[in-house]
Amino acid sequence: MAASLPVLLLVPLLSQLGCVPKTGVVSAERSLDVTVVAAREPMDQARVEPVPTAVSDGILAALKARNLHPTLADPSTWQDAFTHGRTTRFRVAHVAVGSQADLVLVTETWARYGSQLGGRYQWTVQVTVSLAPVAHPEQVETSSFEVPVFLQYYHQQEAEAVEAAAPVIERRVGSLLDQYLGGLEAQ
Amino acid sequence: MRRRLPLLLPLLLASAPAFAVGADAGGYLRVMTRPDFQGGDGRLGYWNLYGRLLNEGPYATLDLRLDLLEQQPGTREPWTSVHMRLEGGSIGNADSGNGTLDHFRLSQAYVQAGDVLLRNVTWQVGTLDYYFGDLGLYDTRPAEIFYDTVGASARYDSRHLELLLGAGDAGYQIKGSMYDAVLTAGGALRLRPVKGLELGVGGQARYEPEVPGNVYAPYDTPDVSYEDWLRGEVVLHYDQTHPTQLLDFPGPVPTHAASGKAVAYLGLGGFGPVVWNNLFASYEHLHPQGSTTESYGGQDYTIYVKSLTDQRSALLAGDELQLKLVPGRLDLVLGGLYGDQRDGDNHIAPTDYARRYWSVVGRVQAYATDTVHFLAESSYANEHSRNGNAWREHADSVFATSDGVPDTRGLQYGDTDTRRTWQGKAGVVLSPLGRGVYTRPSLRLLYGLQYSNQNNAFGNSFVQTLDQYAAFDTVEQHWHHVVALETEAWF
């Protein structure tokens, strides 16, 4: 049982490490309104869908943490347009045209199945996050990245793959916001 | 909205496509250090029947995919991609192989093409490995087909149905350097009638035809008894019964060989605390062996053994239940595995082809924070040899072979036909990506304890002999402790 002593000693230490405070984020000097659209493009159908709730919740949390006031746009206001217009700039412009907020944040996602790997189902989630002032949607800032996702069960399909990418998406949205708000502060 | 739209026209015309995809590299990594002060090789027990945790060694996989023509969402355009997988069970400084490349292999290579000729159909040419799912606690895939096959397949996938049909050659996987074509064909059907329920059946048949003259085709050497073959005394007995006629030792008689596998799957979940339950089963009639060699009187004789090895079967069933006992705080995973292997030709010697085993494993994981978890796992396993003693309970068990009687000609080994193993494991897990029993990467500090009725029931370098002139004494121990610092990641 002596061998278990190091484990027992490390338990309280590691518990404390788990509570290490996160580094600060860049907050907007004044609360800005943000219209948020988060879309998922299914592989097997043309119609664009909203992302799973866990993803949109994470995006809203990233915005609120930076003194922004997000509003999730009703899917009926963008689903048809997003289905027919498949470029990021068109979509940002479409949301900006219908928004009374200060900023628009558009997140586009789609998931692609790869293969069975080590007992998991390997997916790649492609994400494009775009942030633009409503008044000048042509000044859009875009961040594109891929998130590797490994799902345990076959019944977990595209929506679950996008959902599993939620923590990374939230972090990358936060990073884009920090860059943008940091730039605003510098001005 | 219309008022602003003309102003945005230049912007829209300058738009770039929303998505672009190229090459992906993914993989799997498992590396650990488990200094073993009891003379072991760092693994708590012999194999993952006792749960994969602390019983598996290092492993690395690199999976590459190149999209030659990328798949686009919402379209039915043809797409194609190239896949290759390198994997092996050795990593520098982590095991005796020290990560040398001869421990790795290009285990999978194939090209996929989708939406060509038929909608929702993916064509695949190359290796065809396919399984319904995985028992995570055991790292085992009972319902797996085409593991041995290179060929072509077509997979239709829709919201409620997945159908796979394939065919090819399993000769290189089964026979290696003694290659002979083993034709194989089969398929799998998976249904999802309602959300939270999946059913699957599948199978694979193999046929190795008679090819007279091909030295690696199936043959039988006539009039060979199983016991003579097992002892390596086929030629000796022939010489005894046919004095001075060794030149007339029977030649091989051509024949054919067949084997096959059937698999089934039931998955359900998404209600109450049940995340998901996977139940897998498979029954395989194993492919017979080709030949072995005996040396007698300074000359090598090849014994063809198709008929001596064509009655082997393996039944395997496993279940894994994943529960969220206290959401976000405590998860539980329960697993069970049952195996029954029979050899209709062998009733005299214990082998891995004639045994029955079962085990149960339970793992709980508690979440102190998103990233700091506590893990505890316990398992109990029972392994039974159908053909007599197969394990040593004591260091001096060489005196109790063959049902307790010393027998220098005995085919049994050790002093028991049943091995019973209990393991307990506990420790701390750091999980940067959050909560979940199977969330990876995880960095783990674990302590494991094993009790087995077998003496030194783990990989070790202890002497087995009781020779009075041996430089080292035998050691008797049934408890085994391991402390492990390890990490595991899919990437």
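Given labels modelled 7 Å from the Cα in the Cβ direction, how far is it in nm from residue B:178 to residue B:271?
5.2 nm
Normalising by the residue count of the range B:44-112, find the relative contact order in percent from Cα pairs under 8 Å and 6+ residues apart. Before the final figure, lay out each step's value.
On the way: 121 pairs, mean separation 18.9, N = 69.
Dividing the mean separation by the residue count of the range B:44-112 yields 27 percent.
Starting with the fewest neighbours, write out A:82, A:145, B:146, A:90 ranked by other beta-carbon atoms found within 10 Å of each beta-carbon. Numbers along the way, then the final one.
Details: A:82 23, A:145 14, B:146 28, A:90 20.
Ascending number of Cβ neighbours within 10 Å: A:145, A:90, A:82, B:146.
Once you treat every alpha carbon in the range A:124-187 as an equal point and sum by Debye, what is log10 I(q)/I(0) at q = 0.14, 0.18 Å⁻¹?
The computed values of log10 I(q)/I(0) come out as -0.51, -0.71.
Taking only DSSP H segments of four or more residues, each worth -39500 (n - 2.57), what value at 222 nm results for chain B once the sum is divided by all its residues, to the nearest 500 deg cm²/dmol?
Numbers: 5 runs with 28 residues, N = 491.
After summing the helix terms and dividing by residue count, I get -1000 deg cm²/dmol.
Can you sort A:153, B:238 by how many other beta carbons sit within 10 Å, fewest first?
Details: A:153 18, B:238 21.
Lowest count first: A:153, B:238.
If the label point is 7 Å along Cα→Cβ of residue A:65, which residues in the range A:145-174 have backbone nitrogen under 14 Å from it?
Answer for the range A:145-174: A:166-174.
Once the Cβ-Cβ distance between residue B:477 and residue B:408 is put in as r, and R0 is 25 Å, what FRET efficiency do you end up with, to the nearest 0.05?
0.40
Check cross-link reach from residue B:324 to the lysines: straight Cα distance under 22 Å, and skip same-chain residues fewer than eight apart.
Excluding near neighbours in sequence, the set is B:195, B:425.
Suppose R0 equals 22 Å; then what is the FRET efficiency for residue B:154 and residue B:106 from their Cβ-Cβ distance, rounded to the nearest 0.05? Working shown, then result.
Details: r = 24 Å, r/R0 = 1.07.
After rounding, the FRET efficiency stands at 0.40.
Pop out the ³J(HN,Hα) list for the range B:271-286 in order, Karplus 6.51 cos²θ - 1.76 cosθ + 1.60 with θ = phi - 60°, rounded to Hz; leave Gly and Pro as x.
9, x, x, 7, 6, 6, 10, 10, 10, 10, 8, 8, 10, 10, 8, 6
Taking amide H atoms as placed 1.01 Å from N in the peptide plane, list the residues 5 or more away in sequence, or in a different chain, whose amide H sits under 5 Å from that of residue B:133.
For residue B:133, the qualifying residues are B:143.
Using amide H atoms built 1.01 Å from N in the peptide plane, name the residues 5+ places from residue A:69, or on other chains, whose amide H lies under 5 Å from its own.
When sequence neighbours closer than 5 places are left aside, the close amide H contacts are A:32, A:33, A:34.
For the range B:57-199, which semi-axes, largest first and in whole Å, follow from the square roots of 5 times the eigenvalues of its Cα gyration tensor?
Values: eigenvalues 168, 70, 68 Å².
Here the semi-axes work out to 29, 19, 18 Å.
Answer with one residue from B:290, B:270, B:303: the one whose Cα lies farthest towards the positive end of the charge dipole of the range B:228-319, charges on Cβ with Lys, Arg +1 and Asp, Glu -1.
My answer, from the dipole projection, is B:270.
Would you mind classifying chain A by shape? Square roots of the alpha carbon gyration tensor eigenvalues, ordered a ≥ b ≥ c; an a/c under 1.5 is rounded, otherwise it is prolate if a/b is larger than b/c and oblate if not. Can you show the working numbers first?
Details: a/c = 2.83, a/b = 1.33, b/c = 2.12.
It comes out oblate by the Cα gyration axes.
Have a look at the protein assembly as shown and give its Rg and Dmax from the Cα atoms, expressed in angstrom.
For the protein assembly as shown, the Cα radius of gyration and maximum Cα-Cα distance read 30.2, 108 Å.
Please compute the average number of Cβ atoms from other chains found within 10 Å of each residue's Cβ in peptide A:151-161.
Details: counts 1, 12, 9, 12, 12, 1, 3, 1, 0, 0, 0.
Counting other chains' Cβ atoms within 10 Å and averaging over A:151-161 gives 5.
Starting from the exponent 0.38 and prefactor 2.2 Å, build the expected Rg for the range B:114-271 from its residue count and divide its actual Cα Rg by it.
Taking the Cα Rg and dividing by 2.2 N^0.38 Å, one obtains 1.47.
Would you mind getting me the FRET efficiency between residue B:62 and residue B:258? Use the beta-carbon distance for r and R0 = 41 Å, nearest 0.05.
Working: r = 36 Å, r/R0 = 0.88.
Using R0 = 41 Å, I get an efficiency of 0.70.
Cα centroid distance between the range B:280-328 and the range A:108-138, in Å?
Each part reduced to its Cα centre gives a spacing of 43 Å.
Which shape class, rounded, prolate or oblate, goes with the range B:312-424 when its Cα gyration tensor gives a ≥ b ≥ c as root eigenvalues, a/c under 1.5 marks rounded, and past that a/b bigger than b/c marks prolate? Write out the running numbers ahead of the final one.
On the way: a/c = 5.55, a/b = 2.26, b/c = 2.45.
Judged from the Cα gyration tensor, the range B:312-424 comes out oblate (a/c at least 1.5, b/c at or above a/b).
Along the Cα→Cβ direction, 7 angstrom out, place labels at residue B:161 and residue B:462. What is the inter-label distance in nm?
If labels sit at residue B:161 and residue B:462, their model points lie 5.8 nm apart.
Show that you can apply the helix-only estimate: for chain A, add -39,500 (n - 2.57) for every DSSP H stretch of four or more residues, divide by all residues, and state [θ] at 222 nm to the nearest 500.
Numbers: 6 runs with 69 residues, N = 187.
When only DSSP H runs of four or more count, the value is -11500 deg cm²/dmol.
Could you put B:139, B:467, B:396 in order, starting from the residue whose Cβ has the fewest other Cβ atoms within 10 Å? If you can, show how the numbers build up before the last one.
Values: B:139 17, B:467 8, B:396 13.
Going from sparsest to densest Cβ surroundings: B:467, B:396, B:139.
Rounded, prolate or oblate for chain B? Axes are the square roots of the Cα gyration tensor eigenvalues, ordered a ≥ b ≥ c, and the cut-off for rounded is a/c under 1.5.
Numbers: a/c = 2.24, a/b = 1.38, b/c = 1.62.
Oblate is the answer for chain B, as a/c is 1.5 or above yet b/c matches or exceeds a/b.
Karplus couplings for the range B:230-237 from phi (6.51 cos²θ - 1.76 cosθ + 1.60, θ = phi - 60°), rounded to Hz, Gly and Pro as x?
So the J values, rounded to whole Hz, are 4, 7, x, 10, 5, 6, 4, 5.
Express the relative contact order of chain A as a whole percentage, based on alpha carbon pairs under 8 Å and six or more residues apart in sequence.
Computed value for chain A: 24 percent relative contact order.
Under 18 Å from a label point 7 Å along Cα→Cβ of residue A:142: give me every residue in the range A:59-102 with its amide N that close.
Label zone hits: A:81-97.
Which of the peptides A:103-115, A:26-38 is most tightly packed, and how do the rest follow, going by the mean number of other Cβ atoms within 10 Å of each residue?
Averaged packing, sorted descending, gives the order A:103-115, A:26-38.
Find, among the chymotrypsin sites (Phe, Trp or Tyr not before Pro) in the range B:68-125, those assigned to loop by DSSP (not H, G, I, E, B) with at most 15 other beta-carbon atoms within 10 angstrom. All intermediate terms of the calculation are to be shown ahead of the outcome.
On the way: sites: B:79, B:104, B:110, B:123; in loops: none.
For chymotrypsin sites (Phe, Trp or Tyr not before Pro) across the range B:68-125 that sit outside H, G, I, E and B with at most 15 neighbouring Cβ atoms in 10 Å, the list is empty.
For residue B:460, list long-range residues whose amide hydrogen, built 1.01 Å from N in the peptide plane, is under 5 Å from its own amide hydrogen.
So residue B:460 has HN proximity to no qualifying residue.
Taking a point 7 angstrom from the Cα of residue B:443 along the C-beta vector, which residues in the range B:375-390 have backbone N less than 18 Å away?
Taking a point 7 Å out along Cα→Cβ of residue B:443, the residues of the range B:375-390 whose backbone N falls under 18 Å are B:375.
Could you go through the range B:341-358 in sequence order and give the Karplus-derived ³J(HN,Hα) for each residue, using 6.51 cos²θ - 1.76 cosθ + 1.60 with θ = phi - 60°, rounded to whole Hz, and x for Gly and Pro?
For the range B:341-358, the Karplus curve yields 10, 10, 10, x, 8, 10, 10, 10, 10, x, 9, 5, 8, 9, 7, 9, 8, 8 Hz.
Calculate the length of the line joining the C-alpha centroid of the range B:413-487 to that of the range B:248-270, in whole Å.
Here the answer is 34 Å between Cα centres.
Coordinate-derived values only; no laboratory data. Here the structure is a predicted model, which is why all the values come from computation and not from measurement. As a convention, Cβ positions derive from the backbone with ideal geometry for all residues, glycine included, and neighbour counts pool all protein chains shown.
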